[in-house]
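S.K.: Dropping a structure here in C-alpha coordinates format, bear with me for questions.
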Amino acid sequence: MIGQTERLLELQRLKAQEKKPEGKGKIISFSSGKGGTGKTFVSLNTAYALSRIGKKVLLIDLDSNLSNINIMLNLRPEKTLLNFLLHRNSLKELITRYEPSLHFIFGESGKADYPIQSDHLLDYLIEEVKDLCREYDYVLLDIGAGAGDEIIHILSQVHANVIVLNAEPTAIMDAYVIVKLMHMNGSATPNFAVINKCFSEEEASTAYLNLSKAAEHFLKENVYSLGFVGHDQMVTKAIMAQELYIRKYPRSKTSLQIIKLAQGLVQKLRQQQLKATGF
(Lines give C-alpha, C1' and ligand atoms only; values in the text may rest on other atoms or scores of the structure.)
Protein backbone atom coordinates (compact mmCIF):
# COMPACT_ATOMS: atom_id res chain seq x y z
CA MET A 1 0.00 0.00 0.00
CA ILE A 2 2.83 2.39 0.84
CA GLY A 3 4.49 1.58 -2.47
CA GLN A 4 1.27 2.34 -4.37
CA THR A 5 0.95 5.66 -2.57
CA GLU A 6 4.52 6.65 -3.38
CA ARG A 7 4.00 5.74 -7.06
CA LEU A 8 0.83 7.83 -7.13
CA LEU A 9 2.65 10.78 -5.61
CA GLU A 10 5.48 10.43 -8.13
CA LEU A 11 2.98 10.46 -11.00
CA GLN A 12 1.31 13.52 -9.51
CA ARG A 13 4.68 15.25 -9.13
CA LEU A 14 5.59 14.58 -12.76
CA LYS A 15 2.18 15.83 -13.85
CA ALA A 16 2.67 19.00 -11.83
CA GLN A 17 5.99 19.63 -13.57
CA GLU A 18 4.22 19.56 -16.94
CA LYS A 19 1.87 22.39 -15.97
CA LYS A 20 2.27 25.99 -17.01
CA PRO A 21 4.91 28.06 -15.22
CA GLU A 22 3.80 29.31 -11.83
CA GLY A 23 1.88 32.56 -11.78
CA LYS A 24 2.93 35.94 -10.52
CA GLY A 25 1.26 35.44 -7.13
CA LYS A 26 3.43 35.12 -4.04
CA ILE A 27 3.30 32.33 -1.46
CA ILE A 28 3.71 33.62 2.08
CA SER A 29 3.89 31.33 5.11
CA PHE A 30 2.98 32.35 8.64
CA SER A 31 4.91 30.38 11.25
CA SER A 32 5.70 30.45 14.94
CA GLY A 33 8.20 28.64 17.09
CA LYS A 34 5.63 27.93 19.78
CA GLY A 35 1.88 27.86 20.21
CA GLY A 36 -0.05 30.75 21.68
CA THR A 37 1.67 33.58 19.80
CA GLY A 38 -1.49 34.52 17.91
CA LYS A 39 -0.14 33.34 14.56
CA THR A 40 -3.50 32.30 13.16
CA PHE A 41 -5.13 35.55 14.28
CA VAL A 42 -2.39 37.49 12.48
CA SER A 43 -2.51 35.39 9.29
CA LEU A 44 -6.31 35.51 9.09
CA ASN A 45 -6.59 39.24 9.64
CA THR A 46 -3.64 39.98 7.36
CA ALA A 47 -5.39 38.00 4.62
CA TYR A 48 -8.49 40.13 5.10
CA ALA A 49 -6.43 43.34 5.15
CA LEU A 50 -4.71 42.39 1.89
CA SER A 51 -8.09 41.74 0.29
CA ARG A 52 -9.27 45.19 1.40
CA ILE A 53 -6.34 46.93 -0.30
CA GLY A 54 -7.18 45.40 -3.65
CA LYS A 55 -5.39 42.05 -3.57
CA LYS A 56 -6.94 38.68 -4.35
CA VAL A 57 -6.00 36.35 -1.51
CA LEU A 58 -6.21 32.65 -0.70
CA LEU A 59 -5.48 31.51 2.87
CA ILE A 60 -4.73 27.81 3.38
CA ASP A 61 -4.86 26.30 6.86
CA LEU A 62 -1.86 23.95 6.99
CA ASP A 63 -1.82 23.43 10.75
CA SER A 64 -1.70 19.64 10.56
CA ASN A 65 -4.68 18.08 12.35
CA LEU A 66 -5.01 21.15 14.61
CA SER A 67 -6.68 23.52 12.17
CA ASN A 68 -9.01 26.20 13.50
CA ILE A 69 -9.46 29.02 10.98
CA ASN A 70 -12.93 27.74 10.13
CA ILE A 71 -13.79 27.77 13.84
CA MET A 72 -12.62 31.38 14.15
CA LEU A 73 -15.03 32.24 11.31
CA ASN A 74 -17.86 29.98 12.52
CA LEU A 75 -17.86 28.02 9.26
CA ARG A 76 -18.30 24.31 8.61
CA PRO A 77 -16.59 23.36 5.36
CA GLU A 78 -17.85 20.36 3.42
CA LYS A 79 -14.34 19.47 2.32
CA THR A 80 -10.98 20.15 3.94
CA LEU A 81 -7.29 19.73 3.20
CA LEU A 82 -7.63 16.13 4.36
CA ASN A 83 -9.46 15.40 1.09
CA PHE A 84 -6.35 16.50 -0.80
CA LEU A 85 -3.99 14.54 1.42
CA LEU A 86 -6.08 11.42 0.82
CA HIS A 87 -5.99 12.07 -2.97
CA ARG A 88 -9.75 12.63 -3.19
CA ASN A 89 -9.73 16.22 -4.43
CA SER A 90 -7.41 18.79 -5.93
CA LEU A 91 -6.65 21.92 -3.92
CA LYS A 92 -8.75 23.98 -6.30
CA GLU A 93 -11.80 21.85 -5.51
CA LEU A 94 -11.45 22.66 -1.79
CA ILE A 95 -11.66 26.45 -2.10
CA THR A 96 -14.32 28.26 -0.06
CA ARG A 97 -15.18 31.70 -1.43
CA TYR A 98 -15.67 33.84 1.67
CA GLU A 99 -15.67 37.19 -0.14
CA PRO A 100 -14.95 38.06 -3.79
CA SER A 101 -11.27 38.72 -3.04
CA LEU A 102 -10.78 36.43 -0.02
CA HIS A 103 -10.91 32.67 -0.32
CA PHE A 104 -9.99 29.83 2.04
CA ILE A 105 -8.93 26.21 2.06
CA PHE A 106 -9.69 24.91 5.52
CA GLY A 107 -7.81 22.23 7.42
CA GLU A 108 -8.89 19.33 9.60
CA SER A 109 -8.64 18.64 13.31
CA GLY A 110 -8.54 15.60 15.54
CA LYS A 111 -8.47 12.82 12.95
CA ALA A 112 -6.93 9.61 14.25
CA ASP A 113 -6.07 8.50 10.70
CA TYR A 114 -4.49 11.79 9.60
CA PRO A 115 -1.90 10.84 6.95
CA ILE A 116 1.83 11.23 7.47
CA GLN A 117 3.06 14.09 5.29
CA SER A 118 6.07 12.73 3.42
CA ASP A 119 8.45 14.95 1.44
CA HIS A 120 6.82 13.67 -1.77
CA LEU A 121 3.37 14.69 -0.57
CA LEU A 122 4.59 18.09 0.64
CA ASP A 123 6.37 18.73 -2.67
CA TYR A 124 3.19 17.90 -4.56
CA LEU A 125 1.23 20.19 -2.23
CA ILE A 126 3.61 23.08 -2.94
CA GLU A 127 3.38 22.45 -6.69
CA GLU A 128 -0.40 22.65 -6.46
CA VAL A 129 -0.14 25.86 -4.44
CA LYS A 130 2.20 27.33 -7.07
CA ASP A 131 -0.37 26.46 -9.70
CA LEU A 132 -2.98 28.47 -7.77
CA CYS A 133 -0.68 31.51 -7.87
CA ARG A 134 -1.94 32.11 -11.40
CA GLU A 135 -5.30 33.05 -9.89
CA TYR A 136 -4.25 34.95 -6.75
CA ASP A 137 -1.99 37.84 -5.85
CA TYR A 138 -1.10 36.17 -2.55
CA VAL A 139 -1.48 32.64 -1.24
CA LEU A 140 -0.99 32.63 2.52
CA LEU A 141 -0.12 29.42 4.38
CA ASP A 142 -0.97 29.21 8.07
CA ILE A 143 1.67 26.72 9.24
CA GLY A 144 1.52 24.77 12.49
CA ALA A 145 3.60 25.92 15.45
CA GLY A 146 7.05 24.44 15.91
CA ALA A 147 10.03 23.66 13.72
CA GLY A 148 9.63 20.05 12.67
CA ASP A 149 11.08 18.66 9.45
CA GLU A 150 7.85 18.99 7.47
CA ILE A 151 7.45 22.62 8.57
CA ILE A 152 11.00 23.58 7.59
CA HIS A 153 10.52 21.73 4.30
CA ILE A 154 7.56 23.96 3.44
CA LEU A 155 9.11 27.18 4.72
CA SER A 156 12.11 26.63 2.48
CA GLN A 157 9.94 26.64 -0.65
CA VAL A 158 7.82 29.77 -0.23
CA HIS A 159 8.47 33.34 -1.36
CA ALA A 160 8.49 34.75 2.18
CA ASN A 161 8.04 33.53 5.74
CA VAL A 162 6.41 35.65 8.43
CA ILE A 163 7.38 34.58 11.95
CA VAL A 164 4.82 35.62 14.55
CA LEU A 165 6.27 35.85 18.04
CA ASN A 166 5.68 37.46 21.40
CA ALA A 167 8.16 39.54 23.36
CA GLU A 168 9.00 36.81 25.90
CA PRO A 169 12.56 35.42 25.75
CA THR A 170 11.26 31.89 25.10
CA ALA A 171 9.24 33.03 22.09
CA ILE A 172 12.24 34.93 20.72
CA MET A 173 14.44 31.85 21.11
CA ASP A 174 11.86 29.64 19.40
CA ALA A 175 11.65 32.11 16.51
CA TYR A 176 15.45 32.05 16.24
CA VAL A 177 15.34 28.25 16.02
CA ILE A 178 13.10 28.51 12.95
CA VAL A 179 15.59 30.85 11.27
CA LYS A 180 18.48 28.58 12.27
CA LEU A 181 16.88 25.39 10.92
CA MET A 182 15.93 27.11 7.68
CA HIS A 183 19.54 28.30 7.39
CA MET A 184 20.84 24.78 8.01
CA ASN A 185 18.43 23.52 5.35
CA GLY A 186 19.95 25.90 2.81
CA SER A 187 16.77 27.93 2.53
CA ALA A 188 16.81 31.19 0.58
CA THR A 189 13.38 32.21 1.88
CA PRO A 190 13.44 35.70 3.45
CA ASN A 191 12.13 35.88 7.01
CA PHE A 192 9.98 38.67 8.39
CA ALA A 193 9.04 39.16 12.05
CA VAL A 194 5.79 40.37 13.61
CA ILE A 195 5.80 40.98 17.35
CA ASN A 196 2.26 40.19 18.51
CA LYS A 197 0.42 40.93 21.76
CA CYS A 198 3.03 43.40 22.96
CA PHE A 199 2.30 46.13 25.50
CA SER A 200 4.37 48.91 23.93
CA GLU A 201 6.31 49.81 20.81
CA GLU A 202 9.48 49.80 22.90
CA GLU A 203 8.83 46.23 24.03
CA ALA A 204 8.24 45.17 20.42
CA SER A 205 11.38 46.95 19.22
CA THR A 206 13.52 45.26 21.88
CA ALA A 207 12.14 41.82 21.00
CA TYR A 208 12.75 42.33 17.29
CA LEU A 209 16.30 43.59 17.81
CA ASN A 210 17.13 40.60 20.03
CA LEU A 211 15.96 38.24 17.30
CA SER A 212 17.50 40.06 14.35
CA LYS A 213 20.87 40.62 16.04
CA ALA A 214 21.12 36.95 17.03
CA ALA A 215 20.27 35.81 13.49
CA GLU A 216 22.77 38.23 11.97
CA HIS A 217 25.57 37.46 14.44
CA PHE A 218 25.35 33.68 14.55
CA LEU A 219 23.83 32.84 11.15
CA LYS A 220 24.62 35.86 8.96
CA GLU A 221 20.90 35.91 8.18
CA ASN A 222 18.57 38.90 7.98
CA VAL A 223 15.20 38.99 9.71
CA TYR A 224 13.15 41.92 8.46
CA SER A 225 10.64 43.75 10.62
CA LEU A 226 6.96 43.98 9.68
CA GLY A 227 6.08 45.86 12.83
CA PHE A 228 3.98 44.85 15.79
CA VAL A 229 0.42 44.24 16.93
CA GLY A 230 -0.42 45.48 20.39
CA HIS A 231 -2.20 43.65 23.18
CA ASP A 232 -5.95 44.12 22.81
CA GLN A 233 -8.70 42.59 24.95
CA MET A 234 -11.16 42.99 22.08
CA VAL A 235 -9.21 40.35 20.16
CA THR A 236 -10.29 37.72 22.66
CA LYS A 237 -13.89 38.91 22.44
CA ALA A 238 -13.87 38.66 18.65
CA ILE A 239 -12.38 35.15 18.78
CA MET A 240 -14.94 34.05 21.36
CA ALA A 241 -17.72 35.45 19.17
CA GLN A 242 -16.17 33.71 16.13
CA GLU A 243 -16.00 36.99 14.23
CA LEU A 244 -13.25 38.37 12.03
CA TYR A 245 -11.65 41.04 14.18
CA ILE A 246 -10.56 43.52 11.52
CA ARG A 247 -14.01 43.51 9.95
CA LYS A 248 -15.79 43.93 13.29
CA TYR A 249 -13.46 46.71 14.52
CA PRO A 250 -12.11 48.30 11.31
CA ARG A 251 -11.02 51.56 12.96
CA SER A 252 -9.40 50.11 16.06
CA LYS A 253 -5.71 50.61 16.78
CA THR A 254 -5.07 46.90 16.29
CA SER A 255 -6.81 46.86 12.91
CA LEU A 256 -4.76 49.83 11.74
CA GLN A 257 -1.59 48.04 12.85
CA ILE A 258 -2.58 44.96 10.84
CA ILE A 259 -3.38 47.05 7.76
CA LYS A 260 0.03 48.71 8.09
CA LEU A 261 1.57 45.24 8.40
CA ALA A 262 -0.16 44.09 5.20
CA GLN A 263 0.90 47.21 3.30
CA GLY A 264 4.47 46.82 4.54
CA LEU A 265 4.55 43.19 3.43
CA VAL A 266 3.43 44.13 -0.09
CA GLN A 267 6.03 46.89 -0.27
CA LYS A 268 8.92 44.78 1.05
CA LEU A 269 8.15 41.89 -1.30
CA ARG A 270 8.05 44.29 -4.23
CA GLN A 271 11.40 45.76 -3.18
CA GLN A 272 12.96 42.31 -2.92
CA GLN A 273 11.61 41.35 -6.33
CA LEU A 274 13.06 44.49 -7.90
CA LYS A 275 16.39 43.83 -6.18
CA ALA A 276 16.43 40.23 -7.44
CA THR A 277 15.74 41.28 -11.03
CA GLY A 278 18.28 44.09 -10.94
CA PHE A 279 15.83 46.91 -11.61
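The values are calculated or read from the model by the stated rules, or taken from the named source; none is laboratory data. These figures come from a predicted structure and were not determined experimentally. Positions of Cβ are backbone-derived with ideal geometry, glycine not excepted, and every protein chain shown enters the neighbour counts.
S.K.: With ALA193, ALA214, ALA171 as the choices, which residue is modelled with pLDDT of 95 or more, part of a helix (DSSP H, G or I) and in contact with a helix residue (DSSP H, G or I) (Cβ under 6 Å, 6 or more places away or on another chain)? Before the answer, list the steps.
M.R.: Values: ALA193 fails: part of a helix (DSSP H, G or I); ALA171 fails: in contact with a helix residue (DSSP H, G or I) (Cβ under 6 Å, 6 or more places away or on another chain).
Matching residue, one of ALA193, ALA214, ALA171: ALA214.
S.K.: Here's a follow-up. Collect the residues in region 217-238 that are β-branched (Val, Ile, Thr), buried (at least 18 other Cβ atoms within 10 Å of the Cβ) and outside any strand (DSSP E or B), keeping them in residue-number order.
M.R.: Of region 217-238, the ones β-branched (Val, Ile, Thr) are 223, 229, 235-236.
From what is left, the residues that are buried (at least 18 other Cβ atoms within 10 Å of the Cβ) are 223, 229, 235.
Matches in region 217-238: VAL235 only.
S.K.: Within region 130-156, track down each residue that is in contact with a helix residue (DSSP H, G or I) (Cβ under 8 Å, 6 or more places away or on another chain) and not in a helix (DSSP H, G or I).
M.R.: ASP137, TYR138, VAL139, LEU140, LEU141, ASP142, ILE143, GLY144, ALA145, ALA147, SER156
S.K.: In region 86-111, what residues are out of contact with any Ser or Thr (no Cβ under 6 Å at 6 or more places or on another chain) and part of a strand (DSSP E or B)? Can you show your working first?
M.R.: Step one: list which residues in region 86-111 are out of contact with any Ser or Thr (no Cβ under 6 Å at 6 or more places or on another chain), which gives 86-100, 103, 105, 110-111.
Matches in region 86-111: THR96, ARG97, TYR98, GLU99, HIS103, ILE105.
S.K.: Assess whether LEU121 counts as being farther than 27 Å from VAL179 by Cα and in contact (Cβ under 8 Å) with a residue 12 or more places away in the chain. Quick ask: steps written out before the conclusion?
M.R.: Values: farther than 27 Å from VAL179 by Cα: no; in contact (Cβ under 8 Å) with a residue 12 or more places away in the chain: yes.
It is false that LEU121 is farther than 27 Å from VAL179 by Cα and in contact (Cβ under 8 Å) with a residue 12 or more places away in the chain.
S.K.: Would you please name the residue that is farthest from TYR224 (Cα to Cα), looking only at residues in region 175-185 that are touching a residue at least 12 places away in the same chain (Cβ under 8 Å) and surrounded by fewer than 22 Cβ atoms within 10 Å (Cβ to Cβ)?
M.R.: Filtering region 175-185 down to residues touching a residue at least 12 places away in the same chain (Cβ under 8 Å) leaves 175-183, 185.
In the following step, the residues that additionally are surrounded by fewer than 22 Cβ atoms within 10 Å (Cβ to Cβ) were identified as 177, 180-181, 183, 185.
On the way: VAL177: 16, LYS180: 15, LEU181: 17, HIS183: 15, ASN185: 19 Å.
The extreme case among them is ASN185.
S.K.: Check region 79-92 and report whether any residue there is over 28 Å from VAL235 (Cα atoms) and aromatic (Phe, Trp, Tyr).
M.R.: Among the residues of region 79-92, at least one is over 28 Å from VAL235 (Cα atoms) and aromatic (Phe, Trp, Tyr), which makes the answer yes.
S.K.: Run GLN273 past the list (1) in contact (Cβ under 8 Å) with a residue 12 or more places away in the chain; (2) closer than 28 Å to ALA147 by Cβ; (3) polar (S, T, N, Q) and report the number of the one that doesn't hold.
M.R.: (1)
S.K.: Take region 243-266 and flag every residue that is in a helix (DSSP H, G or I) and in contact (Cβ under 8 Å) with a residue 60 or more places away in the chain.
M.R.: Taking region 243-266 as the starting set, the residues that turn out to be in a helix (DSSP H, G or I) are 245-248, 253-266.
Listed by number, the residues that qualify are TYR245, ILE246, ARG247, SER255, ILE258, ILE259, LEU261, ALA262, GLN263, LEU265, VAL266.
S.K.: Looking only at region 44-74, which residues are surrounded by fewer than 23 Cβ atoms within 10 Å (Cβ to Cβ), at pLDDT 95 or above and not in a helix (DSSP H, G or I)?
M.R.: Across region 44-74, the qualifying residues are ILE53, GLY54, LYS55, LYS56, LEU73, ASN74.
S.K.: Quick check: anything in region 201-212 within 27 Å of LEU58 (Cα to Cα), out of contact with any Leu (no Cβ under 8 Å at 6 or more places or on another chain) and surrounded by 16 or more Cβ atoms within 10 Å (Cβ to Cβ)? Quick ask: steps written out before the conclusion?
M.R.: Of all residues in region 201-212, those within 27 Å of LEU58 (Cα to Cα) come to none.
The answer is no, given that none of the residues of region 201-212 is within 27 Å of LEU58 (Cα to Cα), out of contact with any Leu (no Cβ under 8 Å at 6 or more places or on another chain) and surrounded by 16 or more Cβ atoms within 10 Å (Cβ to Cβ).
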